[in-house]
Amino acid sequence: MAVATEREDPGPAAAGVRRSGAPPAPGPVAPGRSPGRRRLTGAAPYLLLLPALAAAAVLLGWPLVKNGMLSLQNLNMRQLIQHLTEWNGVDNYRETLTSEDFWRVTLRSVIFTGVNVVLIMVLGTLIGLLLARLGSRMRLLLSVGLVLAWAMPTIAATTVFQWLFAARYGVVNWVLDALGWHSMADYNWTGDQFSTFFVITVLIVWQSIPFVAINLYAATTTIPGELYEAAALDGAGTWKSFTSVTLPFLKPFVLATTFLEVIWVFKAFTQVFAINEGGPERLTETLPVYAFIEGMGNQHYGMGAAISLLTIVVLLALTSYYLRIVLRQEEDEL
């Protein structure tokens, strides 16, 4: 039942109060709308971030600060034994940046990262699209295989590949010999730069493909089926449907995954070092391995710290350049 109400005449006194400019009396505060509660609600996201920020500051920030302090010191075994602190300023950085070896290793690391990322993204995308087209049983079987390959510890996978490519009893040499390449029966895969990098690349690509494939397969499940039906009604074939429907939907996932793979491949240390310790003759060293060998191997700890920080700078430069390209493409699309 509706109840009709009439607005009462405020009268001359109340009207005079309004005309005098006095503020009206505050009305009742709605539940949950108190100023203190609003402030608490606005600060809640930042309060939830505090544990993660504190953990990052302790586990990442403090070691980075200590590494920066170490890079400004002349520290070797004599200083460690005698507990001496010899500050030498930016001498470690000056010596590193004027060294031909550093720039040679930097170029090698960039090329190595580019080749691996291209192979990983191409093969991973193809396998992800294959997962989307397989039946449920074959998809489950392939997914289990991908997850097992991805979950294998890095050092365990590296050991397996060392066995596979062993010179005398390796499975790869045995298969090549059986297929007619008898010169490969006792081939040493870690004897020169190209073959060593080939083994490392196969290992890294094999470890990285599962992440890309499963990620992109999950992305294909978000594409509405009506779009494929509309494309088919317009006469689009398989390739046209892929370029006009699938690829635009997958593009954000591909860009994000590529960004993660650039970081992961560039900082890869275990695979490169465990295969041949940067050999032969230090020809397969990447920047992380170069920093470790100069710091721990040659006992120039300040120099190793400086190289590691410069490695971070190079990685930041690569990722910022990639993000700049991505943002420019997004602006062009808009």
For this session: Please get the size of the charge dipole for segment 272-334, origin at its Cα centre, with Cβ charges of +1 on Lys and Arg and -1 on Asp and Glu, quoted in debye to the nearest 20.
Result: 220
Seminar exercise, completed: With +1 on the Cβ of every Lys and Arg and -1 on the Cβ of every Asp and Glu, the dipole magnitude of segment 191-334 about its Cα centre, in debye rounded to the nearest 20, is 180
Problem set entry | FRET E, pair residue 133, residue 98, Förster distance 51 Å, beta-carbon r, rounded to 0.05 | 0.40
Exercise. In whole Å, what is the distance between the alpha-carbon centres of segment 115-138 and segment 231-265?
Worked result: 12
Exercise. How would you order 186-198, 53-65 from highest to lowest mean count of nearby Cβ atoms within 10 Å?
Worked result: 186-198, 53-65
Problem set entry | For segment 168-259, accessible area per residue (1.4 Å probe, heavy atoms of protein chains only), Å² | 57
Exercise. Given +1 on the Cβ of Lys and Arg, -1 on the Cβ of Asp and Glu, and no further charges, what dipole in debye does the chain carry about its Cα centre, rounded to the nearest 20?
Worked result: 1100
Exercise. So which lysines can residue 240 reach, going by Cα to Cα under 22 Å and dropping same-chain residues fewer than 8 places off?
Worked result: 251
Exercise. If we count every other residue with Cβ under 14 angstrom of residue 308's Cβ, Lys/Arg +1 and Asp/Glu -1, where does the sum land?
Worked result: 0
Problem set entry | Highest to lowest packing among 122-135, 228-241, 260-273, scored as the average C-beta count within 10 Å | 260-273, 122-135, 228-241
Exercise. With labels modelled as points extended 7 Å from the Cα through the Cβ direction, what inter-label distance (nm, one decimal) is found for residue 220 paired with residue 179?
Worked result: 2.7
Seminar exercise, completed: Scoring only Lys, Arg, Asp and Glu (+1, +1, -1, -1) among other residues with Cβ under 13 Å from the Cβ of residue 232 yields -2
Exercise. So which lysines pass the test for residue 267, namely a Cα distance under 23 Å, with those fewer than 8 places away in the same chain ruled out?
Worked result: 66
Problem set entry | Pairwise label distance in nanometres, residue 58 with residue 314, each label 7 Å out on the Cα-Cβ vector | 3.3
For this session: Could you tell me which of 128, 239, 222 has its Cα farthest along the dipole of the chain towards the positive end, charges placed at Cβ (Lys, Arg +1; Asp, Glu -1), taken about the Cα centre?
Result: 222
Exercise. Which value in deg cm²/dmol, rounded to the nearest 500, describes the helix-derived mean residue ellipticity at 222 nm for the chain, given -39,500 (n - 2.57) per DSSP H run of n ≥ 4 and division by the residue count?
Worked result: -22000 deg cm²/dmol
Seminar exercise, completed: Heavy-atom accessible area of the chain with neighbours in place, 1.4 angstrom probe: carbon+sulfur share in percent works out to 67
Exercise. Using the Cα gyration tensor of the chain, with a ≥ b ≥ c the square roots of its eigenvalues, what is the shape: rounded (a/c below 1.5), prolate (a/b larger than b/c) or oblate (neither)?
Worked result: oblate
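The values are calculated or read from the model by the stated rules, or taken from the named source; none is laboratory data. Computed from a predicted model, the values in this text were never measured in an experiment. With ideal geometry, Cβ positions are generated from the backbone for all residues, glycine too; neighbour counts draw on all protein chains shown. For accessibility, only protein heavy atoms count, side chains too; no ligands or nucleic acids. Shrake-Rupley method; radii C 1.70, N 1.55, O 1.52, S 1.80 Å.
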